[in-house]
Amino acid sequence: MSEKLVTETEQNEAVEGLKRLVSKPSVNDPATVSKTTPFGQGIDDALTEVLQIAEENGFKTFKDPEGHYGYAEIGSGDKIFGIIGHMDVVPAGDPNDWDSDPFTATIKDGYIYGRGTQDDKGPSMAAMFAVKALVDRGYKFNCRIRFIFGTDEETLWRGIAVYNQKESPTDFGIAPDAEFPLIYAEKGLEQSYLVGPGMDDLSLDLENAFNAVPAKAPYNGPKLDEVKASLDKHGFKYEDHGTDGITVVGKAVHAMNNAVLRLAIALDNVFDSPVLDFFGKKFQEDATGTNLLGDVEDEASGHLTMNISSLKIDQKETRMQVDMRIPVTVNHDELIEKLKEAAEPYDLHYEAFDYVAPLYVPTDSDLVKTLMSTYKDLTGDDTQPQISGGATFARTMNNCVAYGAMLPGTPDFMHQVNENWELKSMYKAMDIYAEAIKRLCTD
């Protein structure tokens, strides 16, 4: 443990690599989809760039000819240790809300700012240059270390699905896309729509990513003064733009403070609609779905969480996006039946979008024990492995867990304005990754 595996050289290389990746606005873009860019040109640019960075540092690389995924590999042997990340990011929102250009990495006061610095370009670079540090120190690997880069993790995981159809499975691995010390169980991920009748007297178009809590919900429609009075009655904050309407203000975190929900609840006091009654009289501000579904929880992974991120209303229909994180032992099909029954009185019907089954790797497995002992040895922190409502690519691979890269106490800026990562924390993550991979992948 006295040997310094990661030096300032690899730290600087990781930061420079991250700068290159942040400069690629890798947001899902249907307008630029083609036969070789299935999720848009920006994502393909980031995938090409990360593979170029890997190649420059001694990795063999491969890019799917249809652009669904790429990987970078070093070492030899029959077994594959996978390090699974993603190059796509959520939209930056209004650039004017940022203190710097979201797609130009900016270092200030020991932090690096830019979309993807925490999720997931920064962690991917930390892990890659941790492996590079082991190579620089002369270590030989007893397996193939393969960095696998997905391309639509923030949407439907189609790229990684194609990888699993075409490529050899991993034998063990990590996803550097969460928090230390380690996540050994991930709740099931259900994304769907609730769809109902439209409205003649109200139109809304509030669209956000499924897995983001909306921070803003603009409104400049009919009965504006009554809507403002309703917001005031509920104590919901909003910005008043005069003749340009209002913007309901929430907070873009993975918890309830949802601007879209708050606007919908206020609208229910002003307009007559069964769909708006769903928000104002049934769901309300309920992060656990209890008002709708009752208590849904288990001892292994806690309570269900539920987020409604988008709401569109026109004369034809009303459509909302629903994101649920389901406890690992709860039956998915039974839960969906319960959701259908609860929505029906409000003239809403269920439409499936995506479902990802839960993850569970035993805490007494060799993988988990090695990763946990490494973390404790390098930090002195005795925090136990965790269960998460988040969904990482770890659940798409054999014997794989989410491992870092955020240290305990790191503010969560994933999906938020001014996303950033403290460089000191990034370097500590590199130390942990280098030591863990040394223990797992060298003799």
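The values are calculated or read from the model by the stated rules, or taken from the named source; none is laboratory data. Just so it is clear, the structure is predicted and the values come from calculations on it, not from any experiment. A quick note on method: Cβ atoms are made from the backbone with ideal geometry, for glycine too, and the neighbour counts reach across all protein chains shown. Quick note on the areas: whole protein, heavy atoms, side chains included, nothing else; ligands and nucleic acids left out. Shrake-Rupley method; radii C 1.70, N 1.55, O 1.52, S 1.80 Å.
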Exercise for review: Over the residues of the chain, compute the C-alpha Rg and express it relative to 2.2 N^0.38 Å.
Suggested key: 1.02
**Study point:** Alpha carbon centroid spacing (whole Å) that separates segment 131-156 from segment 157-229
**Key:** 28 Å
Practice item. With the Cα gyration tensor of segment 172-293 in hand, convert its eigenvalues to equivalent ellipsoid semi-axes via √(5λ) and list them largest first in whole Å. Key: 32, 17, 13
Point to revise | Under the Debye formula (equal points on every Cα, no solvent term), log10 I(q)/I(0) of segment 232-309 at q = 0.17, 0.20 Å⁻¹ | key: -0.73, -0.93
Exercise for review: Just the number, please: carbon plus sulfur as a percent of the accessible area of the chain, 1.4 Å probe, no ligands or DNA/RNA counted.
Suggested key: 46 percent
Check your understanding: Under 28 Å Cα-Cα from Lys63, which lysines qualify once same-chain neighbours fewer than 8 residues away are excluded?
Key -> Lys19, Lys24, Lys35, Lys79, Lys121, Lys132, Lys140, Lys166, Lys438
Study note, to complete from the structure: accessible surface per residue for segment 390-443, probe 1.4 Å, DNA/RNA/ligands not counted, whole Å² -> 31 Å²
Check your understanding: Going toward the positive end of the dipole of segment 170-313, with +1 on Lys and Arg Cβ and -1 on Asp and Glu Cβ, which of Pro222, Ala266, Gly280 do you reach last?
Key -> Pro222
Review point. Going by accessible area, probe 1.4 Å, with all protein chains left in place, what is the ranking of Lys233, Lys282, Lys251, largest first?
Key: Lys233, Lys251, Lys282
Revision key, fill the gap. Taking Met372, Met320 and ranking on accessible area (1.4 Å, protein atoms only), highest first, one gets Met372, Met320
Review point. Taking every DSSP beta bridge that has both residues in the chain, what percent is antiparallel when rounded to the nearest 5?
Key: 75 percent
Review point. Percentage of Cα-Cα pair distances in segment 383-443 greater than 18 Å, rounded to whole percent?
Key: 50 percent
Practice item. Could you let me know the centre-to-centre spacing of segment 29-104 and segment 293-318, using Cα atoms, in angstrom? Key: 31 Å
Check your understanding: In square angstrom, rounded to the nearest 10, how much accessible surface does Glu341 have for a 1.4 Å probe?
Key -> 120 Å²
Revision key, fill the gap. Given backbone amide H placed at 1.01 Å from N, residues whose amide H is under 5 Å from that of Gly389, ignoring those fewer than 5 places away on the same chain, are Lys187
Review point. Can you tell me the accessible area per residue over segment 286-378, all protein chains present, probe 1.4 angstrom, in square angstrom?
Key: 48 Å²
Point to revise | segment 225-378: proportion of alpha-carbon pairs further apart than 24 angstrom, % | key: 46 percent
Point to revise | Span-like helix ranges in the chain, DSSP H, alpha carbon extent 18 angstrom or more, Kyte mean at least -0.5 | key: 41-56, 121-136, 366-379, 423-441
Check your understanding: Tell me, what does the Kirkwood hydrodynamic radius of segment 6-105 come to in angstroms if you use every pair of distinct C-alpha atoms?
Key -> 15.0 Å
Check your understanding: Two-decimal Rg/Rh of segment 76-225 from alpha-carbon positions, Kirkwood Rh?
Key -> 1.08
Point to revise | Accessible surface of Glu13 - all protein chains present, 1.4 Å probe, nearest 10 Å² | key: 60 Å²
Review point. In bins 10 Å wide, starting from 0, what share of all Cα pairs of segment 318-443 does each bin hold, as a percent?
Key: 9, 31, 29, 19, 10, 2, 0
Point to revise | Whole-number accessible area per residue in Å² for segment 71-138, which is evaluated in the context of all protein chains at 1.4 Å | key: 34 Å²
Study note, to complete from the structure: Treating only Lys and Arg (+1) and Asp and Glu (-1) as charged, each at its beta carbon, one finds that the chain has a dipole about its Cα centre, in Debye to the nearest 20, of 1060 debye
Point to revise | Coarse-grained scattering of segment 175-222 at q = 0.14, 0.22, 0.29 Å⁻¹, given as base-10 log I(q)/I(0) from a Debye sum over alpha-carbon atoms | key: -0.64, -1.05, -1.23
Exercise for review: Have a look at segment 57-146 and give its Rg and Dmax from the Cα atoms, expressed in angstrom.
Suggested key: 16.3, 50
Practice item. Rank these by accessible area, largest first, 1.4 Å probe: Asp109, Asp101, Asp277, Asp323. Key: Asp109, Asp101, Asp277, Asp323
